[in-house]
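Down below is the structure, laid out as structure tokens.
The values are calculated or read from the model by the stated rules, or taken from the named source; none is laboratory data. The model shown is predicted, which means the values in this text are computed figures rather than measured ones. Glycine gets a Cβ as well: all are built from the backbone with ideal geometry, and neighbour counts include every protein chain shown. SASA here: full protein model, heavy atoms, side chains in, ligands and nucleic acids out. Shrake-Rupley method; radii C 1.70, N 1.55, O 1.52, S 1.80 Å.
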Amino acid sequence: MMIESGLWESIAVSILGLTTSQDDVLADDPLASGARLAIDLAAVAYNYRLIEAKVGATVAAVVKADAYGLGMAPVALALAGAGCRDFFVAHLQEALALRREAPLEARIYVLHGLWPGAERAAADEGVIPVLNSLGQMQAWRRLARQRGQRLPAVLQVDTGMSRLGMSRHEVDWLTADPEIFSDLDIRLLMSHLACADHPDAAGNARQRAAFTDVIARLPPVDQSFANSAAALSARPSFGGLVRAGLALFGASPVPGEDFGLRPVVRLEARVLQCRSICAGDGVGYGHTFIASEAMRIATVAMGYADGWPRGLDGRAAAYFGDQRLPVLGRVSMDSFVVDASGLEPGALRAGDWVELIGRHQSVEDIATAAGAIPYEILVNLGPRLQRWYAPADAPSLDRTN
Ligand SMILES: *Cc1c(COP(=O)(O)O)cnc(C)c1O
């Protein structure tokens, strides 16, 4: 049964108590927090469909780490509205939370597999573990036999990242056992690339060859190999079930490449104070910035506790209208300072909103300036930010283009 996205929206609104009107959050409420994050669920749905159209394969959504900091349940509901039926999380705990918070008829896979003793809870909730070792596999088979049920699972093999999945020796052992798949319903054989964000890296071809070799040695089974970067850059095409995370959330998974993804987040913060400083005055902790002339500066209510990276010391900017206000000195826990000298005196006042991520500055820009990756920027967007979700079927937020 296909449920219309409008219905998923009303489910999201009623179950999650989501704000339905942008005005509720975007009004200048004196009791509200100093920074606000708008999350465009229509853009998430758009990106899902875009990836699906580009790869011509089934696309699963990776919604681990609270959907990369954007809210697992509302994001999953929006994706379900776009047709997604496969969701990956890292921990069982996240899978159980997803089951609880979002009533989806969907397959939920746990990338880390299960700790010993967690098998019953996972099976009771119909969660599909990714089995990363023979130990995890044996425990899952044991429960399957006890229950007289072919429990679903994904097998992960390590093809060269040396992080998770069965080693070459474990695969040898597996292929020597004709009964390997008999107790279990193995849905997918999966592996993960170490260098997908560098599509031409030799490691990708080596991992691909290693994966092809394992596929040939096991009974026929569907495959899952590609994350966002591998799926979108598609050199070569990886097919199967694609596991997309970052691209759904609007950031390019391959630095410098534009895949036509829509930005999903807009971040703004309020000005706490404006002041004038003189030549020789230092700004912020450690005085890493010293004014060489008189300046007008402003203090913005967003700090590293909210996910504004400390690495932005003297890099990136806030925007007031189209005016760029460069970051001065170190980012504090709750605030940072910008140079407002480019504005007319009095043009910027306490309480005004400045843009931190949006039309002028992308998640990727912030990541580059901070020496980080877009993933880190998104997952660190903190709990103090006031969040507003633009519904999946509502007109979209401002676009970069
Ligand atoms: C996080 C993760 C993904 C998603 O990666 P993106 O680069 O965000 O698309 C896919 N597969 C595995 C195994 C992961 O851990």
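Return the carbon/sulfur percentage of the accessible area of the chain, one whole number, probe 1.4 Å, all protein chains in place.
That fraction is 51 percent.
Compute a Gaussian network model of the chain, connecting alpha carbons closer than 10 Å, and tell me which residue from 134, 189, 77 fluctuates the most.
Of 134, 189, 77, the Gaussian network model singles out 134 as fluctuating most.
When the expected Rg is taken as 2.2 N^0.38 Å, what fraction or multiple of it is the alpha-carbon Rg of region 66-214?
Computed over Cα atoms of region 66-214, the ratio equals 1.10.
Quick one: Karplus J couplings for region 208-218, per residue in order, coefficients 6.51, -1.76, 1.60, θ = phi - 60°, nearest Hz, x for Gly and Pro?
Running phi through 6.51 cos²θ - 1.76 cosθ + 1.60 with θ = phi - 60° gives 4, 5, 5, 5, 4, 5, 5, 4, 5, 8, 10 Hz.
Could you state the accessible area per residue of the chain in Å², with a 1.4 Å probe and every protein chain left in place?
44
Around residue 262, which amide H atoms from residues at least 5 apart in sequence, or from another chain, sit under 5 Å from its own amide H, with H modelled in the peptide plane?
47
Quickly estimate the mean residue ellipticity at 222 nm for the chain, helices only: each DSSP H run with n ≥ 4 gives -39500 (n - 2.57), and the total goes over all residues, rounded to 500.
Rounded to the nearest 500, the figure is -8500 deg cm²/dmol.
For an R0 of 22 angstrom, estimate the FRET efficiency from the Cβ-Cβ distance between residue 310 and residue 281 and round to the nearest 0.05.
0.55
Please provide three numbers in whole Å: the alpha-carbon extents of the chain along the principal axes, with the largest listed first.
Between the extreme Cα coordinates on each principal axis of the chain lie 79, 46, 38 Å.
Can you work out the Karplus-derived ³J(HN,Hα) for every residue in region 337-346? Use 6.51 cos²θ - 1.76 cosθ + 1.60 with θ = phi - 60°, whole Hz, and x for glycine or proline.
10, 10, 8, 9, 5, x, 9, 4, x, x
Top mean-square fluctuation among 303, 83, 260, Gaussian network model of the chain, C-alpha springs under 10 Å?
Answer for the Gaussian network model of the chain: 260.
Under 5 Å between amide H atoms, partner at least 5 residues away or on a different chain: which partners does residue 166 have, H built in plane at 1.01 Å?
Result for residue 166 returns 156, 157, 158.
Each label point is 7 Å from the Cα along the Cα-to-Cβ direction; what then is the distance between the points at residue 97 and residue 324, in nm?
3.7
Name the residue from 232, 298, 194 whose Cα lies farthest towards the positive end of the charge dipole of the chain, charges +1 on Cβ of Lys and Arg and -1 on Cβ of Asp and Glu.
194
Semi-axes, largest first, in whole Å: what does sqrt of 5 times each Cα gyration tensor eigenvalue give for region 77-146?
Taking √(5λ) for each Cα gyration eigenvalue gives 23, 11, 10 Å.
Spelling out what I want: for every residue of region 63-77, take phi, set θ = phi - 60°, compute 6.51 cos²θ - 1.76 cosθ + 1.60 (Karplus), and round to whole Hz; glycine and proline get x.
10, 4, 6, 6, 6, 6, x, 9, x, 4, 5, x, 5, 5, 5
List every residue whose amide H lies under 5 Å from the amide H of residue 193, counting only residues 5 or more places away in sequence or on a different chain, with H placed 1.01 Å from N in the peptide plane.
When sequence neighbours closer than 5 places are left aside, the close amide H contacts are 227.
Using a simple charge model, +1 on the beta-carbon of Lys and Arg, -1 on the beta-carbon of Asp and Glu, nothing else, what dipole does the chain show about its Cα centre, in debye to the nearest 20?
Taking the Cα centre of the chain as origin, the dipole is about 780 debye.
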